[in-house]
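Participant: Handing you a structure now.
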Amino acid sequence: MNYQSAWMTPELESFRDAVRRFIASEITPHQDAWKQQQHVDRKLWNKAGEMGMLLADIPEQYGGAGGNFAYQCVVFEELASAGDSAFGIHVHAIVAHYLLNQGTQAQKEKYLPKLASGEMVAAIAMSEPGAGSDLKGIRSTALLDGDAYLLNGSKTFISNGYLADLIVVVCKTDPEAGAKGVSLLLLETENCAGFKVGRILEKMGQKGQDTCELFFDNIRVPVENILGGVEGKGFSQLMTELPYERTILGVGGVASIERALRLTVEHCKQRKAFGQALIEMQNTRFVLAEIKTEATIARTFIDRCIVDMIEGRMDAELASMAKYWVSDLQCKVVDQCLQLFGGYGYMLEYPIAQMYVDARVQKIYGGANEVMKEIIARSL
């Protein structure tokens, strides 16, 4: 089947070629080194910014490449197709959209060009030791003290936490107001008194991606660093922007499914057992036929989601479907593919093994899949 996504254009194909070449030269060769040090090299961010792939769907007036959502999807797809799990560009792009859609004009002009160039690396600090998907349960506070907020608390599981120059901190500016007391605070980390990065967490997979604990001890943050300039809007800002995050998780998930199928078909054509190639055995052929069918369904579904994002009609329910269903399928498919590799599939030198450990968190971050189902159920 020669399927072509409806959102692809000749210009996007040219951009895809450029992104693919960049990944092949600047990202793929360094994966093992980044796993050892638990983070990418800082200079990668500057190189990616110069190439124009950090904020591909942010307007040129703010330093972005000026493309639509499809351009950023190309970046996510190519990273997944290459097996990268170290470069935290997804979180970086998410923060950029918080700024673009929720920030004041001054905040956009100050931060977006620096994120686009790689001068600043972005992170978003939501999860805490006692609060993950339940954002109403956060305990970090930012209480007004004259011309600044005093930020106190801690965060955990923060992607890009080790290298981050700008962190969107989810905190309570009014601890007694419930969801209406939640705000998003823009924290610049350079020479920031009271800010501490804890250990880089030892994860099951995605070992080259820095995931950290963060600590805030009476940090003075200027009042103008409240995202959007108004207290108490944090929860609504999160609900507005989370569909972007959940859709891009689906985009990367589908590309990973397609990669797993591609690698497994190639292996099954070469590997012999009982005098014949694995691909010639009926069980293998049927498993691969099922995976190809599911991959095709996932591709057509995520393409519809991409078009909806481009045209501005993506909603929370559909994004939740994309996030939970694709990530569930990704884990299932990679597991089936690993089985067809036999003992080799259990060896981390084989990409399918790395894909297996990297995929599992897809069902957790961005909102646990159980939460996604609750969001969908509320729309019934």
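Participant: Given only helices, namely DSSP H runs of n ≥ 4 each adding -39500 (n - 2.57), what is the per-residue ellipticity at 222 nm of the chain, to the nearest 500 deg cm²/dmol?
Facilitator: Values: 11 runs with 184 residues, N = 380.
Helix contribution divided over all residues of the chain: -16000 deg cm²/dmol.
Participant: Related question: Can you compute 3J(HN,Hα) from phi for each residue in the range 338-350, using the Karplus curve 6.51 cos²θ - 1.76 cosθ + 1.60 with θ = phi - 60°, rounded to whole Hz and x for Gly and Pro?
Facilitator: Taking θ as phi minus 60°, the curve returns 4, 4, 6, 7, x, x, 4, x, 8, 8, 5, 6, 8 Hz for the range 338-350.
Participant: Can you list, largest first and rounded to whole Å, the semi-axes you get for the range 339-380 by taking the square root of 5 times each eigenvalue of its Cα gyration tensor? Write down the numbers at each step before the final one.
Facilitator: Details: eigenvalues 214, 21, 5 Å².
Result for the range 339-380: semi-axes of 33, 10, 5 Å.
Participant: Okay, next question. In angstroms, what radius of gyration and Dmax does the range 235-380 have, counting Cα atoms only?
Facilitator: For the range 235-380, the Cα-based Rg and Dmax read 17.1, 61 Å.
Participant: Here's a follow-up. Calculate the length of the line joining the C-alpha centroid of the range 177-252 to that of the range 343-374, in whole Å.
Facilitator: Cα centroid of the range 177-252 versus Cα centroid of the range 343-374: 24 Å apart.
Participant: On alpha carbon coordinates alone, what is the Rg over Rh value for the range 152-192, Rh being the Kirkwood radius? Mind showing how you got there, number by number?
Facilitator: Values: Rg = 11.7 Å, Rh = 11.5 Å.
Ratio value, two decimals: 1.02.
Participant: May I ask you to give the solvent-accessible area per residue for the chain, in square angstrom, as obtained with a 1.4 angstrom probe?
Facilitator: Working: 17080 Å² over 380 residues.
Here the residues of the chain average 45 Å² of exposed surface.
Participant: For the chain, find the longest principal axis of its Cα atoms and tell me its angle to the long axis of helix 369-378, 0 to 90°, nearest 10.
Facilitator: 70 degrees
Participant: Any idea what % of Cα-Cα pairs in the range 101-219 are farther than 24 Å?
Facilitator: Values: 1870 of 7021 pairs.
I get 27 percent for the Cα pairs in the range 101-219 exceeding 24 Å.
Participant: May I ask you to derive the FRET efficiency for residue 109 and residue 307 from their Cβ-Cβ distance with R0 = 30 Å, giving the value to the nearest 0.05?
Facilitator: Numbers: r = 30 Å, r/R0 = 1.02.
It comes out at approximately 0.50.
Participant: Could I ask something else about it? Quick one, what does Rg over Rh come out to for the range 144-272 if you take C-alpha atoms and the Kirkwood Rh? Let's see the in-between values first.
Facilitator: Values: Rg = 19.7 Å, Rh = 17.3 Å.
Looking at the range 144-272, the ratio lands at 1.14.
Participant: Cα-based Rg of the chain per 2.2 N^0.38 Å, rounded to two decimals? Mind showing how you got there, number by number?
Facilitator: Details: Rg = 21.1 Å, N = 380, 2.2 N^0.38 = 21.0 Å.
Working it through for the chain, the quotient is 1.00.
Participant: Here is a follow-up. Given a 1.4 angstrom probe, I'd like the percentage of the accessible area of the chain that is carbon and sulfur, rounded to a whole number.
Facilitator: On the way: 8680 of 17080 Å².
Carbon and sulfur: 51 percent of the exposed surface of the chain.
Participant: Taking amide H positions as placed 1.01 Å from N in the peptide plane, with prolines and chain starts having none, which residues 5 or more places from residue 164, or on another chain, fall under 5 Å of its amide H?
Facilitator: Excluding prolines and chain starts, which carry no amide H, there are no hits.
Participant: Using θ = phi - 60° and the Karplus curve 6.51 cos²θ - 1.76 cosθ + 1.60, what whole-Hz ³J(HN,Hα) does each residue of the range 163-170 get, with Gly and Pro shown as x?
Facilitator: So the J values, rounded to whole Hz, are 9, 5, 9, 9, 10, 7, 9, 7.
Participant: Of all the C-alpha pairs in the range 219-279, what % are more than 17 Å from each other? Numbers along the way, then the final one.
Facilitator: Working: 1219 of 1830 pairs.
Summing the P(r) of the range 219-279 above 17 Å gives 67 percent of all pairs.
Participant: Apply the Karplus parameterisation 6.51 cos²θ - 1.76 cosθ + 1.60, with θ equal to phi minus 60°, to every residue of the range 178-195 and state each ³J(HN,Hα) to the nearest whole Hz, in sequence, with x for glycine and proline.
Facilitator: Using θ = phi - 60°, the values come out as x, 4, 6, x, 8, 10, 10, 10, 8, 10, 8, 8, 5, 6, 8, 5, x, 9 Hz.
Participant: Let a ≥ b ≥ c be the square roots of the eigenvalues of the Cα gyration tensor of the range 46-170; is it rounded (a/c under 1.5), or, if not, prolate (a/b larger than b/c) or oblate? Please list the in-between numbers first.
Facilitator: Numbers: a/c = 2.24, a/b = 1.42, b/c = 1.57.
Oblate, since a/c reaches 1.5 and b/c is not below a/b.
Participant: If you don't mind, there's one more thing I want to ask. What is the Cα coordinate range of the range 1-96 on the first, second and third principal axes, sorted by size from largest, in whole angstrom?
Facilitator: Taking max minus min along each principal axis of the Cα atoms, the range 1-96 gives 40, 39, 20 Å.
Participant: Take the Cα radius of gyration of the range 281-357 and divide it by 2.2 N^0.38 Å, with N its residue count; two decimals is plenty.
Facilitator: Details: Rg = 15.4 Å, N = 77, 2.2 N^0.38 = 11.5 Å.
Against the compact-globule rule of thumb, the ratio is 1.34.
Participant: Hey, another quick one. Sort 205-211, 135-141 by the packing proxy (mean of other Cβ within 10 Å over each peptide's residues), most packed first.
Facilitator: So the peptides 205-211, 135-141, ranked by packing, come out 205-211, 135-141.
Participant: Among 46-53, 85-92, how do they line up from the highest to the lowest mean number of other beta-carbon atoms within 10 Å? Intermediate results must be reported in sequence, preceding the final value.
Facilitator: Values: 46-53: 19.2, 85-92: 24.4.
So the order, starting with the most tightly packed, is 85-92, 46-53.
Participant: Moving on to the next point. Note the angle between two axes, namely the Cα long axis of helix 105-117 and the longest principal axis of the Cα atoms of the chain, as a number of degrees from 0 to 90, rounded to the nearest 10.
Facilitator: Approximately 40 degrees, to the nearest 10.
Participant: Also, quick follow-up: Could you pull out every residue, at least 5 positions away or on a different chain, whose amide H is within less than 5 Å of the one on residue 127? Hs are placed 1.01 Å off N in the peptide plane, and Pro or chain starts have none.
Facilitator: Distant-sequence amide H within range of residue 127: 156.
Participant: If you line up the long axis of helix 89-102 against the longest principal axis of the chain, both from Cα atoms, how many degrees apart are they, to the nearest 10?
Facilitator: 40 degrees
The values are calculated or read from the model by the stated rules, or taken from the named source; none is laboratory data. For clarity, every value in this text was computed on a predicted model and none was experimentally measured. Cβ atoms come from the backbone with ideal geometry, glycine included; neighbour counts cover every protein chain shown. For accessibility, only protein heavy atoms count, side chains too; no ligands or nucleic acids. Shrake-Rupley method; radii C 1.70, N 1.55, O 1.52, S 1.80 Å.
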